[in-house]
Structure formats: C-alpha cells, structure tokens
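Report on the structure given below.
Every read-out reported here was derived from the displayed coordinates using simple, explicitly stated rules and does not represent laboratory data. Treat the numbers as computed from the prediction; the structure is a model and nothing was measured. Cβ sites come from the backbone with ideal geometry, for glycine too, and all protein chains shown count toward neighbours.
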C-alpha cells in the first residue's frame, strides 16, 4: 500500500492543481481578443448612459466617477455568478467534473484556481473599464491612500470569490437550474450593491435597501473603494468596511468548504454527481 | 503462483431511486468480483446492465448502497483519497478537457491534478503523445480535433499519472476500426509494463474476447459468469451453436425461444433485405427439427444455416436467453 502523502506534499499537489486551473481560466479567456474587447467595451455603454443621466439632472461629476467604479466592480459579480457559481454545472456537462472527482486533489483547490483566474481576468477588464471610462467621460478621481485602495480591493475580491465558492458548492448538484439561479442573482445584486447609484449609503436610498445591500460583500467593498478613490478618504474612514469584509471571508470560506464536502457526499449517495442533461 | 488482488468487491449492491410508486431500481445486486494485478478484466453486458455503475463505485464517484469494494486493499468509501492516487478513468464517448486549449495544454493541465512536476510532466506527455500518435496535433485546439483524436487525447489523459488501476468505460465507443485496434494494442502493451490492472467495460464481444484475460458477464446488475474467454466459450461448446438466416423478417422471435431444447437466441433484423439472422444456442442438435418447423410456422424460409464456433455472444445468449437488446 502506498504511504499517505505528507502535509507538504499534499499542499504542493493542491497548489499545483489550483495554479493549473487558474492558468486554464486565464489562457481560455484571453485567447479570443474579441471577447476581451467586448467585455471592456460593452459595460461602458451602460456606464455612459448613467453618467449622461446624472450630468443631465445636475449631479456633481463625482456621481459619474462613482458609476464608473461601480461598473468596473460589478464585472466581478458577473464573473462570480457565471464563472464560479454555476461552474460545476458546466464542468459536469463537459465531462470534467468526473475527472476532478477522480483526481487526488481537493475540490477546494479547483475552486481556488477558478477564483484566482477569474479575479485576475476580471481585474484586467475592470481596469480597462475604468481607464476607458475616465478617458470617455473625463470624471474626477482623488486618491490619497493607494495602499488602502489595494487592501480594500483585494479583500473585496476575496470576499466575493469565497461567496462564489459557497454558491458553487451549493449548486454542485444543480442541473439546468444553475443557469436560472445565476440569472436570478444577477440583477438584484446590481441593484442592491448600488453599482449604478452615486452612493448606496445616502439618505435618499431607503434604509431597508441599505441593510439588504450590506449583506452582500460587493456593496461593502464598493462603498469603501468609492470613498477612497473619489472622496480621497483615508483608511480611518473605511475601517468598519475592512472589518466587515474580513468577517465575510472568515465566515464564507469554511462554510464553502463544509458545503462542498456535504454536497459531494450527497451527490455520491444519490448518484447525482455524474448525471447529465437534467 | 498466487497473484495479488487489485480490485475486489463483496456483496456489492447499488440502488437508485426509481419513478415514484415503482420502487427502487437495482443497478447492482450482490456483485462479487476479484481482479488481479497484471490483468485486463472485461465486464461484458448490454446497456443498463450495471457496468458503468460498478466502475463509478470503484472510482469513488458513487457510494455503494451495501457491500464492500476495495482497490489494492483500500476501501472505496473510507479510503477514497488514497485510492484516487492509484487510479484513473477513461470513459468512451466523453471528451473531458477544455476545447479552447491545445492537446499539449490539456495534457499538462490534467498532469497537474496528479501533482506531476514540470519536467516529469513534460517527459510523460511527450511519451504519451508519441505512443498515441498525437504529434501532429500537439498545438491543435481540442475543439478542432476529430472524434478519434479526441478519444486518443482522452486516453492519453487516462495514462498521464501512470495509474496502477485503469478503468476504461467503453473506450472504443464511436471509434473507427483502425483507431480501436490501435487503442487495444496500446492497452495490451501498457499492461505488460507490470503491476498494472485494467478493468474494461464493453458491449463489443470481439473486443472483450481479444483484449481481456478474463471476462465477467453482467446482466441486470448480476455477474452471471466470470472466467477466461476461452473457458467461457468451452462451457457452451457442449451444446450446439448455430447461425441461421431466414426471410422475411421474423415477426414473433419469442416463438423461437419457446422451442424445446433452445437455450437462447438472438435475432438481428435487416429491414432493407428482409433477412433475419438468428444466433442460437441449443442443448443438442435434436432440437433442430422442431426449430425448423417453428420457423416455417412463422411463414419464414431458411436461406442459409450452419454450425458456428462458440463466441462470447453465444455465452451471453446461453446465460441470458437472448442477445444484447
């Protein structure tokens, strides 16, 4: 009988798998340049509509800047939904899920690879959206604390993608409902996160909506980033956001892991892991 | 010489939820199997016989409802992570991988799921590409490969971790004759490297006959017989196996089955020519006169008839009473 791998060997193998899955995502998404152009160019149209509207009703130019940041950040939510949450469904349809389940690596490392690849890919697109937005609409930004911007950005992505891991685990056994669920979660989060509002935590936004929005890491991260890059705020102004994002990660990651293990074991028991075309 | 057991199942049973009100579906029923090192073992049975269910349990993709399954002495339920280091699975008709990636990139990706270092993976992939004659397609995207080459890539993926136990679920499904032959040769060469085991499912009788050291015949979740192809065929050789061509197409095949002395029959209808080919296993040749009378009663006339060497299909017919349906 083979000896069990050491902790170090096991960790190395899982990191290799995560890296490989990240590489697949990066390679696959950037092989077709028209997709890259579309993913940067098309959101600008929605953003542009809001910027023009806010100008027309006399809001300050910073409202346009808020929409550009919102439009860039919301790309991550779209990525989390379509490339994380429903990913096991696609992998199963392609026959890849069986291969992941037969391989001697943790499924969490595969999800981690997807998350790393997805966030890096989307970061390229988000940067493109911001640069194109600034160029096209000449909106003002004021960054006094770039280090904090970096921290909040990374924490927001980590919280969002751990939420994506949790969804992926929950929807592991889903058939075509995965598609509908992703659709169902898309627009409400666009709305509740305040991506296209000048600000979510403003007196004009109903309190209930603010509370509901605050349950989504995107809302917290987006608000913090807006304060940092538009108002020129320092870390002292957004420390509650940082605490909230860290709390999200600490809760969501272990929850995603447990859920994944549970759903995998349920799938094996009920024989639903390898069923297709449901 | 006593050989080491590579795969072992004891009283393995698997139920699936059936249509409401109809009860559970028994996919595997008290399956006991022993497969040894250096052996190519074939599971032969029609669609829905339980072959894939058994493979899925052995690959840790499905939990058994009852019983025990061991790979190299490791329990598929309790020691799944250890088992996954020893096995790989290739399903025919499946093309796992990413269409947008090339052959080389896909193989590299799968090698990383088994923790192969960069240099080791590079060497291994080069060897597999050479063995499976994929050199000209190394940088071709998987989505642009033909079915045959996709299947070669799939097989290369199955060998990428040089598993101790390789599960092949209908590996030649959809392959042309040459590709299927190439694949069989490859499997035979690989098993000779020593310390390997192949469990192969197929419904191609000739494939099982040519490739497998031993064959288990499975139907409705039960293993009906298990032995070398030669011994299985010898068991039916005591009777008589016949091939009879009749015309027009037989409308009531069950009437042939009920002739005394007919152990089993399989019929193949050619609608275009109106010819039905019957493969029959008889207890002895005394059943022949009743059989010919029954054919005439069905309004058919005999075009051709002859005794044939028993094949694995005849073994199956003698065990189940019919051919694969």
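When Rg and the Kirkwood radius Rh are both evaluated on Cα atoms of the stretch B:234-320, their ratio Rg/Rh stands at 0.94. Separation of the stretch A:53-75 and the stretch B:242-280, taken as the distance between their Cα centroids, equals 78 angstrom. For the protein assembly as shown, the extents of the C-alpha atoms along the principal axes are 102, 55, 49 Å, listed from largest to smallest.
In units of the compact-protein estimate 2.2 N^0.38 Å, chain B shows a Cα radius of gyration of 1.13.
When each of the peptides A:198-211, B:285-298 is scored by how many other beta carbons lie within 10 Å of its residues on average, the order from highest to lowest is B:285-298, A:198-211. So, in Å, what gap is there between the alpha-carbon centers of the stretch B:162-214 and the stretch A:167-195? The stretch B:162-214 and the stretch A:167-195 have Cα centres separated by 43 Å.
Students often get this wrong: which residues of the stretch A:96-127 have the backbone nitrogen under 12 Å from the point 7 angstrom along Cα-to-C-beta of residue A:6? In the stretch A:96-127, the label zone of residue A:6 (backbone N under 12 Å from the point 7 Å along Cα→Cβ) covers no residue.
Oblate is the label for the stretch A:145-253. Its Cα gyration tensor axes, ordered a ≥ b ≥ c, give a/c of at least 1.5 and b/c at or above a/b.
Per-residue shielding of B:82-91, expressed as the average number of other chain Cβ atoms within 10 Å of the residue Cβ, stands at 4. A full extension of the chain between residue B:146 and residue B:243 corresponds to an added length of 31.2 nm, given 0.36 nm per residue minus the alpha carbon distance. Ordering A:193, B:117 by the number of other Cβ atoms within 10 Å of each residue's own Cβ, fewest first, gives B:117, A:193. Here's the picture: a label point sits 7 Å out from the Cα of residue B:178 along the beta-carbon direction, and within the stretch B:202-219 nothing has its amide nitrogen under 14 Å of it. Length available on full extension from residue B:220 to residue B:126: 0.36 nm per residue minus the Cα-Cα distance, which gives 29.6 nm. Mean per-residue shielding of peptide A:20-26 is 4, counting Cβ atoms of other chains within 10 Å of each Cβ. Between the helical axis of B:177-191 and the longest alpha-carbon principal axis of chain B there is an angle of about 60 degrees. Normalised by residue count, the stretch A:7-270 yields a Cα convex hull volume of 138 Å³ per residue.
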